[in-house]
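Written out below as structure tokens is the structure these notes cover.
The values are calculated or read from the model by the stated rules, or taken from the named source; none is laboratory data. Since this is a predicted model, take the numbers as computed values, not measurements. Here the Cβ positions follow ideal geometry from the backbone for every residue, glycine too, while neighbour counts run over all protein chains shown.
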Amino acid sequence: MKFAIITHVNHIQQANNYFGYAPYVYEMNIWFKYVNEVIIVAPVKKGTPTVIDSLYNHEKIDFRKVPDFSFTSFNKTFSSLFKLPIIFWEIFCAMKKADHIHLRCPGNVGLIGCFVQILFPNKIKTAKYAGNWDSQSKQPFTYNIQKWILKNTFLTRNMQVLVYGDWKNQSKNIKPFFTATYSDSEKEAVAKTSLNPVIDLVFVGSLVPGKNPLYAIKLIEKLTEKGRSVILNLYGDGAEKERLQKYIQKNKLQDIVIFHGNKNKETIKIAYKKSHFVILPSKSEGWPKAIAEAMFWGCVPIATKVSCVPFILDFGNRGVLLEMDLNQDLDQMEHIIKDESNFRNKSRLSQNWSQYYTLELFEAEIKKLLFK
């Protein structure tokens with residue numbers, strides 16, 4: 001089987017090897033187990049792989065570089081007009097050669113892929129929509145175009161569209177899906193330490209406005225004002241780091257908010273095991289990877305009501321759904337902290353839910369998609 005991936009993920013080339021964002025590459029390597037040849041259409045950037053990048057694992061990869069592009073400014077839009085024919089042609093040639101077409105959406109390259117796949121109605125196709133599938137949410141125009149094409153069964157034929165969450169009134173080609181990080185062999189019952197004397201919280205994600213790490217810090221600050229002894233460990237890096245550091249210094253929070261930067265999977269796993277809560281006040285999500293992973297290790301999730309998060313938290317039974325009002329969210333936190341049996345019940349429910357979605361189940365579901 002010749003398997004073609006159309007993706008916006010930026011790659012780094014070293015000799016004949018290609019590196020990409022590790023969680024995405026880990027997933028694609030599972031798909032690769034069942035295909036003979038891989039064609040990848042994606043942009044390549046200069047640089048050196050970091051701790052959050054990983055290497056594709058397949059003996060026969062045909063990598064077709066395309067220029068990165070965007071429509072976020074007049075100059076970028078103008079230059080993109082010259083790039084689009086090249087990208088269109090590379091995607092068309094890859095799809096023509098492939099037995100199975102796989103789109104990664106939402107993204108600029110995936111947008112072009114959505115249009116080109118219409119020309120191949122008889123080929124087997126899948127699309128992984130890794131963003132928020134909620135039709136009521138406010139999203140960029142280009143995202144809405146991709147969603148409209150993907151769920152239009154006249155334009156998009158012979159395709160299964162994998163989305164996060166089980167949404168009502170969907171077209172027949174929409175399939176609720178999930179992502180996994182840990183295997184069956186890693187399952188273990190994690191007994192969390194008491195919430196006294198210190199409450200451990202963890203934030204894992206990019207330090208960018210969309211992930212809203214400042215709100216997490218402000219909520220922790222409110223807890224300390226209530227006399228709670230707390231520690232917030234931040235794992236990740238990004239454009240907001242300097243701003244966050246200034247806020248922490250100004251408000252004398254250096255002893256309770258700790259920056260760790262980007263770390264590998266094993267380090268993050270240890271952090272999850274040690275923490276009582278995982279917090280993610282994100283403005284938008286697809287599958288909230290940090291939340292699902294932390295729940296595997298018994299962390300009680302604190303997250304916003306975006307995308308499939310309410311489903312994952314069972315509408316509050318497995319965690320705290322943030323209202324994004326500091327006083328209301330502080331009251332929710334206090335309610336759990338004051339009742340340790342409530343905390344332990346949510347921890348157990350979180351772990352039971354997450355440990356169902358293992359890599360073995362994930363691989364079995366992918367195999368079904370490839371050989372339906």
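Tell me, please, whether a residue that is touching a residue at least 24 places away in the same chain (Cβ under 8 Å) and part of a strand (DSSP E or B) can be found in segment 75-94.
Looking through segment 75-94, none of the residues is touching a residue at least 24 places away in the same chain (Cβ under 8 Å) and part of a strand (DSSP E or B).
Could you list, in sequence order, the residues of segment 24-45 that are out of contact with any helix residue (DSSP H, G or I) (no Cβ under 6 Å at 6 or more places or on another chain) and surrounded by fewer than 16 Cβ atoms within 10 Å (Cβ to Cβ)?
Asn29, Lys33, Asn36, Lys45
Residues are listed down the side, and each one gets a yes or a no for (1) in a loop (DSSP other than H, G, I, E, B); (2) modelled with pLDDT under 95; (3) more than 24 Å from Phe277 (Cα to Cα):
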{"site": "Ile149", "(1), (2), (3)": "no, no, yes"}
{"site": "Ala180", "(1), (2), (3)": "yes, no, no"}
{"site": "Ala189", "(1), (2), (3)": "yes, yes, no"}
{"site": "Val202", "(1), (2), (3)": "no, no, no"}
{"site": "Ser206", "(1), (2), (3)": "yes, no, no"}
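I'd like to know if segment 213-227 contains one or more residues that are in contact with a Pro (Cβ under 8 Å, 6 or more places away or on another chain) and outside any helix (DSSP H, G or I).
No.
Test Cys114 against the stated conditions and say whether it is over 18 Å from the mean Cα position of the chain (by Cα), of a type outside the set (Lys, Arg), crowded, with 22+ Cβ neighbours inside 10 Å and not in a strand (DSSP E or B). Walk me through it before giving the result.
Numbers: over 18 Å from the mean Cα position of the chain (by Cα): yes; of a type outside the set (Lys, Arg): yes; crowded, with 22+ Cβ neighbours inside 10 Å: yes; not in a strand (DSSP E or B): yes.
Answer is yes for this residue.
Which is in contact with a strand residue (DSSP E or B) (Cβ under 7 Å, 6 or more places away or on another chain), modelled with pLDDT of 95 or more, farther than 23 Å from Phe315 by Cβ and surrounded by fewer than 19 Cβ atoms within 10 Å (Cβ to Cβ), of Lys250, Lys246, Lys218, Lys274?
Numbers: Lys250 fails: in contact with a strand residue (DSSP E or B) (Cβ under 7 Å, 6 or more places away or on another chain); Lys246 fails: in contact with a strand residue (DSSP E or B) (Cβ under 7 Å, 6 or more places away or on another chain); Lys218 fails: in contact with a strand residue (DSSP E or B) (Cβ under 7 Å, 6 or more places away or on another chain).
On inspection, the qualifying residue turns out to be Lys274.
Within segment 305-353, how many residues turn out to be of a type in the set (Ser, Thr, Tyr) and either part of a loop (DSSP other than H, G, I, E, B) or assigned by TED's automatic domain parsing to the domain that holds Gly165 (or both)? Write out each step before concluding.
As a first pass, look at segment 305-353 and keep what is of a type in the set (Ser, Thr, Tyr): 307, 341, 347, 350.
With the extra rule that they be either part of a loop (DSSP other than H, G, I, E, B) or assigned by TED's automatic domain parsing to the domain that holds Gly165 (or both), the set shrinks to 307.
Qualifying residue count for the region: 1.
Find the strands (runs of 3 or more DSSP E) located wholly in segment 7-52 whose residues include 2 or more that are of a type in the set (S, T, N, Q) and in the same structural domain as Lys96 (by TED's automatic domain parsing), and list them.
Details: elements: 12-14, 17-21, 37-42.
Counting at least 2 such residues, we get 12-14.
Among the residues of segment 1-23, write down those that are β-branched (Val, Ile, Thr) and surrounded by 20 or more Cβ atoms within 10 Å (Cβ to Cβ). I'd like the intermediate steps shown before the answer.
Our first condition is that a residue be β-branched (Val, Ile, Thr); within segment 1-23, this holds for 5-7, 9, 12.
Scanning segment 1-23 gives Ile5, Ile6, Thr7.
For segment 224-243, give me each residue that is surrounded by 19 or more Cβ atoms within 10 Å (Cβ to Cβ) and on the phi > 0 side of the Ramachandran plot.
Correct list: Gly236 only.
Tally the residues that are touching a residue at least 40 places away in the same chain (Cβ under 8 Å) and under 17 Å from Ile6 (Cα atoms), restricting the search to segment 47-74.
First pass over segment 47-74, keeping only residues touching a residue at least 40 places away in the same chain (Cβ under 8 Å): 50-53, 61, 63, 66, 68, 71.
Restricting the remaining residues to those that are under 17 Å from Ile6 (Cα atoms) gives 61, 63, 66, 68.
Summing the residues that are touching a residue at least 40 places away in the same chain (Cβ under 8 Å) and under 17 Å from Ile6 (Cα atoms) in segment 47-74 gives 4.
Looking at (1) touching a Pro at 6+ places or on another chain (Cβ under 6 Å); (2) part of a strand (DSSP E or B), which one does Asp68 not meet, given that it meets all the others?
Every condition holds for Asp68 apart from (2).
Go through (1) small (Gly, Ala, Ser); (2) without any contact (Cβ under 8 Å) to a residue 24 or more places away in the chain; (3) surrounded by 14 or more Cβ atoms within 10 Å (Cβ to Cβ) and name the single condition Ser350 misses.
Checking Ser350 against (1) small (Gly, Ala, Ser); (2) without any contact (Cβ under 8 Å) to a residue 24 or more places away in the chain; (3) surrounded by 14 or more Cβ atoms within 10 Å (Cβ to Cβ), the one that fails is (2).
Does Leu207 qualify as being of a type outside the set (D, E, K, R), surrounded by 15 or more Cβ atoms within 10 Å (Cβ to Cβ), outside the structural domain of Glu266 (by TED's automatic domain parsing) and in contact with a Lys or Arg (Cβ under 6 Å, 6 or more places away or on another chain)?
The answer is no for Leu207.
Just name the residue that is surrounded by the most Cβ atoms within 10 Å (Cβ to Cβ) out of those in segment 253-268 that are closer than 27 Å to Ile337 by Cα and touching a Phe, Trp or Tyr at 6+ places or on another chain (Cβ under 7 Å).
At the first step, the residues of segment 253-268 found to be closer than 27 Å to Ile337 by Cα are 253-260, 267-268.
Narrowing further to those that are touching a Phe, Trp or Tyr at 6+ places or on another chain (Cβ under 7 Å): 260, 268.
Working: His260: 16, Ile268: 21.
Among them, the one singled out is Ile268.
Which condition breaks for Ser171 when tested against (1) modelled with pLDDT under 95; (2) surrounded by fewer than 13 Cβ atoms within 10 Å (Cβ to Cβ); (3) in contact with a Lys or Arg (Cβ under 8 Å, 6 or more places away or on another chain)?
Ser171 satisfies every listed condition except (1).
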